[in-house]
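To start, the structure itself, in structure tokens.
Derivation of every value follows stated rules applied to the coordinates shown; laboratory data play no part. These numbers were taken from a predicted model, which means no experiment stands behind them. Glycine gets a Cβ as well: all are built from the backbone with ideal geometry, and neighbour counts include every protein chain shown.
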Amino acid sequence: MKIIQLDSHDVYFNLSAEEFIFRQVADTEPCLLLWQNDNAVVIGKHQNTVEEVNLDFADSNHVRVARRISGGGAVYHDLGNLNYSIIDYSEAMRWDIKRMAEPVVAALRRMGIDVEVNDRNDLLIAGRKISGSSQYIRRDHLLHHGTLLFNADLDKLSRSLKPDYDHIESRSRKSVRSPVTNIQEHNPAVAIPDFIAALTEVLKESSEVNICTLTDHDSAAINKLRDEKYSTWEWVHARSPAYTITKHRLLNGQTVEINMAVKDGIIQSLNIKNGFDLVKEFETIGKTLVGQRLRKEDLSQAIEKTNNQKNIVGVSSQDLTNALIS
């Protein structure tokens, strides 16, 4: 088995590396990829960013939003979290998530961690989740990847994920929220480098292990995939399933109700209701924004062009844009 530990903490590069290696791996050459990201929320392929991510908090706290190629729910990453990806060629391994996680469980138990596996194949300590996982299959190749919370910022984790105060209807895959804990809360001596060493020893017992690194050619191809796919608005946001949303936001101290339908990241319909005498102005802006991408830059420019914000006392283009995006 090859083991590759990425030096990058860029979530877009690392997800690109994962896909690149998945598509390059030989039929008889399994690979373990180990990687860490700076603050990020990574959603599943079939999820909706507005349902899963607190976008306002993420934007103001430098939490990147990313989409992976596998299904499953949203997860928070930071440097207190370790991600592992197992890439293999085997019909027998398909969907056997518990079997794929066996080396991880064995390494943790050797380090004195009393870890359990529940019926959702999450890894738990004292009933609290330390790891979730998902899979992606393409032809005869399998990608199984998971997270491990060692010393993550659990407050930022909680605040980065979407609170359920907006009414959203869609066919997206919904995350299942679970109580979480850090491994180091139960054993402060267990550090990420020590776990990697223990996991390597476990793998050596059943296969030949080769420590590998990316070549310059690999890095160039990965960066291309990063720039053309993983870091783009089209992949992260526009790939969200179509949805309708009803939400209430404060504008100039007044509560505004926003009803919006979005498909492929494009506003299909928009109705803004308020409790003060600005119905016509909001109606004009709503019509103007239909057909626009639900992206801060696009909305700000479109609202500015209408010049209607000058007629809405105390409601700036930026405030209205934030109300639509957040």
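Here are the numbers for the structure shown:
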quantity	calculated
Size-normalised alpha-carbon gyration radius of the stretch 131-257, reference 2.2 N^0.38 Å	1.50
Spin-label model distance (nm) - residue 184 vs residue 246, 7 Å beyond Cα toward Cβ	4.5 nm
Computed label-point distance, nm, for sites residue 211 and residue 263 using a 7 Å Cα→Cβ extension	5.3 nm
Residue order, fewest to most surrounding Cβ atoms within 10 angstrom, among 104, 256	256, 104
Per-residue HN-Hα couplings for the stretch 283-297 [Karplus 6.51, -1.76, 1.60; θ = phi - 60°; Hz; x = Gly/Pro]	5, 5, 5, x, 5, 5, 7, 5, x, 8, 6, 7, 9, 3, 4
Projected-area average for the stretch 212-254 over all orientations - Cα convex hull basis, square nanometres	6.2 nm²
Protection proxy ranking of 73-79, 183-189 - average other beta-carbon atoms within 10 Å, highest first	73-79, 183-189
Additional length obtainable on full extension of the chain from residue 166 to residue 234, 0.36 nm per residue less Cα span	22.2 nm
Listed values (1) 22.2, 73; (2) 50.4, 145; (3) 22.5, 68, entry calculated as Rg and Dmax of the Cα atoms in Å	(1)
Sequence-separation-based contact order of the stretch 76-227, relative, with Cα cut under 8 Å and 6+ spacing, percent	28 percent
Separation in nanometres of the label points that stand 7 Å from Cα toward Cβ, at residue 116 and residue 5	3.2 nm
Per-residue Cβ neighbour rank within 10 angstrom, fewest leading, 217, 46	217, 46
Lysines with Cα under 29 Å of residue 224, excluding same-chain neighbours fewer than 8 positions away	2, 45, 263, 296
DSSP beta bridge pairing in the chain, given as percent antiparallel to the nearest 5	80 percent
Highest-MSF residue in the chain out of 58, 220, 66 [GNM, Cα springs under 10 Å]	220
For the stretch 1-157, the Rg and Dmax computed from alpha carbons only, in angstrom	15.3, 45
Translational diffusion coefficient (Stokes-Einstein; Kirkwood radius from C-alpha pairs) of the stretch 21-83 at 25 °C, 0.890 mPa s, in µm²/s	186 µm²/s
Dipole magnitude of the stretch 1-139 about its Cα centre (Cβ charges: Lys, Arg +1; Asp, Glu -1), debye to nearest 20	320 debye
Computed over the chain: relative contact order in percent, which uses C-alpha pairs under 8 Å that are six or more apart	18 percent
